[in-house]
Amino acid sequence: MRFSRSLIPTLKETPAEAEVASHRLLLRAGFIRKLTAGIYTYLPLGLAAIRKVETIVREEMNRAGAQEILMPMVQPADLWRETGRYEKYGPELLRFVDRHERESCLGPTHEEVITDLLRREVRSYRDLPQNLYQIQTKFRDEIRPRFGLMRGREFIMKDAYSFDVDDVAAGESYQQMFEAYKRIFTRCGLEFRSVLADSGTIGGSYSHEFMVLADTGEDTLVICSACEYAANSEKAEVAIPATDDSPMLDLQKVETPGKRKVPVVCEFMGIEPHELVKTMVFDADGEPVAVLVRGDRTVQEVKLKNLLGAADIEMLDDKAVFDATGVPTGYLGPVGIKIKLLVDREVAAMRNFVTGGNEKNYHIKSVNMGRDFEAAAVADLRQITDSDPCPACGAQLGMKEGIEVGHVFKLGTGYSTAMKAVFQDSNGKETPMVMGCYGIGVSRIVAAAIEQNHDENGMIFPMALAPMQVVLLNLGLKDEQITETAELLYTELQGKGVEILLDDRDERPGSKFKDADLLGIPLRITVGKSLTKNGVVEIRHRKDGTTEELVPEQVTARIVELIDAAMSNG
Ligand code: ATP
Ligand code: MG
């Protein structure tokens, strides 16, 4: 690939809209360009990096016995109605009507389509197991598309689906995919962890996420310091607190003029945030729901969503809270509240706490559940913290940020029962197939790899994901010896199957060096003055900046050796 004839529009300036390193660098290096919110064009080098991920994924999926197919993006609404997900999936599902007034949607995931296929094709236990996958563009109308390829509305996913005769066989399929995922992320050169996860709208009983550890990750992981426990904090269950059985004191109304925020109320009343209980209001599929948590806690919205079985949860703004309750935010409380009330387990175990007075400028002291208000439900609804004990062993927890790059689910028979995907078992009995599903964020992996591997000068690709293995700088376009040597090396290396970018642009050496660093290509060959002076060219490793000088005749063999070594190290 010749730089002079390629579309690699590098930028000197840092784009203002990019908040994280991978987004900034993907734009600066000319890997992607935005079309509209969360929707990008992959330019040649961006696509080359994506193809590298796809190849690794494909090889490992095939090795694990999965078969590649390609399903449609446009899916009929009626299929989604069979599982109830047309209603339940929420606004991330882009719905539309075609010219024949048929309701359709753009595939955010493919459980319905694959189950429809298998219910038609599988008759007997002899036709099972099946494990089918595809690598395809997905569409999800994300509420907050951001961070470039990390959270797009259109993105590339690998999704696989397994169908088995029973739970034991389905467990084996799950385990095979789990192992394949470990190989995939290891080969991608990523530092990752698998954690227990929430099953979300996909449904199902059991799941693990594969997380790339990075400070910019949108997920918070809790990792036990003593045992094997590791979970997404959305999922991590907070240990049941001990009940306070001190005597209930009399309710006391306190005037708190203009005091609305937790710290302000606490200071005014001379209490600590853990003695106060907040009333948070959410919209759950159009219905307002109040949730009580301790003053120093946050509501974990995924737990709330699961408890309610809601498609969509959003915190209400001040005006909407007032419209729903007749009380301004800051003064809302459970005593006499008019909307559905859910209570976090921790609050249910508390005595004599402070809440809003359900009246502007008032709070109430010594509130007690059971005596002063009733809950529609008590459940674990708050975000776990690192001062909570490990849910498995009670030891100290640590927290880390992570980027979810893969997700494996045991689905069970939910989809197959709803869609009547049955087979005749060995006794001739009609039985629903037992399913699993397995996703990988192919385009997100590129972003995650950059988050983990970059410096102030640019990206630093692991060899396995690098869009090009070598960049060759010709620093003397007008010098015959330099240009001849550069061209010769370019041809020779290409002949050995090396992926090489020849920087043959009429640019100053300084900007060629800068761009080579920015692009993150693992090996750089420089052909310049050292050749005319000393007869040598330089090989430089992007990762650690080390260099070696060689006569041109030795370069090709050395490069091939370096690439082989890097690939075999994963
Ligand atoms: P998230 O919690 O990040 O929204 P998810 O649970 O919705 O992810 P899955 O439905 O499990 O994701 O999708 C499988 C994989 O697809 C994820 O592990 C992730 O790597 C990738 N993915 C999901 N949503 C996006 C997105 N908006 N942009 C890029 N990749 C995504
Ligand atoms: Mg999502």
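The values are calculated or read from the model by the stated rules, or taken from the named source; none is laboratory data. Remember, it's a predicted structure, so these values are computed and weren't measured experimentally. Note: ideal-geometry Cβ built from the backbone for every residue, glycine included; neighbour counts use all protein chains shown. The area values use the complete protein model at the heavy-atom level, side chains included, leaving out ligands, DNA and RNA. Shrake-Rupley method; radii C 1.70, N 1.55, O 1.52, S 1.80 Å.
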Applying the gyration tensor rule to the Cα atoms of the chain (axes a ≥ b ≥ c; rounded if a/c under 1.5, else prolate if a/b exceeds b/c, else oblate), the class is prolate
First measure r as the distance between the Cβ atoms of E237 and F322, then evaluate 1/(1 + (r/R0)^6) with R0 = 41 Å and state the FRET efficiency to the nearest 0.05.
0.75
Mind jotting down the three principal axis lengths of the range 418-478 based on Cα atoms? Whole angstrom, largest first.
79, 26, 17
Could you sort T216, T485, T186 by their accessible area in this structure, using a 1.4 Å probe and putting the largest first?
T186, T216, T485
Using the basic label-point model (7 angstrom from Cα toward the beta carbon), what is the R102 to K543 distance in nanometres?
5.1 nm
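Gain in length, L94 to V254, computed as 0.36 nm per residue apart minus the alpha-carbon separation, to one decimal in nm?
My answer for the length gained is 52.7 nm.
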Here the FRET efficiency for Y206 versus M71, based on Cβ atoms and R0 = 30 Å and rounded to 0.05, is 0.75
At a probe size of 1.4 Å, how large is the accessible area of V551, to the nearest 10 Å²?
60 Å²
Do the alpha carbons of any pairs in K478/K514; K261/K303; K235/K340; K138/K429 sit beyond 28 Å of each other, and which pairs?
K138/K429
Express in Å², to the nearest 10, the accessible area of E179 obtained by rolling a 1.4 Å probe over the protein heavy atoms while all chains stay in place.
70 Å²
Quick test of your reading: applying the under-4.7 Å Cβ rule, which cysteines of the chain are isolated?
C105, C188, C266, C437
Taking Cα pairs under 8 Å and at least six residues apart, what relative contact order does the range 252-307 come out at, in percent?
24 percent
Please give the helix 442-452 orientation as an angle from the longest Cα principal axis of the chain, in degrees from 0 to 90, rounded to the nearest 10.
80 degrees
Give the ranking of M248, M350 by solvent-accessible surface, highest area first, calculated with a 1.4 Å probe.
M248, M350
Straight-line reach from K253: which aspartates and glutamates have Cα under 15 Å away, leaving out those fewer than 8 places along the same chain?
E359, D372
Rounded to whole Å², per residue accessible area for the chain with a 1.4 Å probe reads 45 Å²
Ordering E346, E228, E359 by how much accessible area each has at a 1.4 Å probe, largest first, what is the list?
E228, E359, E346
Report, to the nearest 10°, how far helix 111-121 tilts away from the longest principal axis of the Cα atoms in the chain, using its own Cα long axis and a range of 0 to 90°.
80 degrees
J(HN,Hα) series, the range 455-465, from Karplus relation 6.51 cos²θ - 1.76 cosθ + 1.60, nearest Hz, glycine and proline x
9, 5, 8, x, 7, 9, 6, x, 3, 5, 9
Using only protein heavy atoms and a 1.4 Å probe, report how much of F322 is accessible, in Å² to the nearest 10.
100 Å²
Part-to-part distance (alpha-carbon centres) for the range 497-553 and the range 85-122, which is given in Å:
50 Å
Keeping the other protein chains in place, figure out the carbon and sulfur percent of the accessible area of the range 252-379, with a 1.4 Å probe.
48 percent
To the nearest Å, what is the center-to-center distance of the range 307-341 and the range 136-208, using C-alpha atoms only?
34 Å
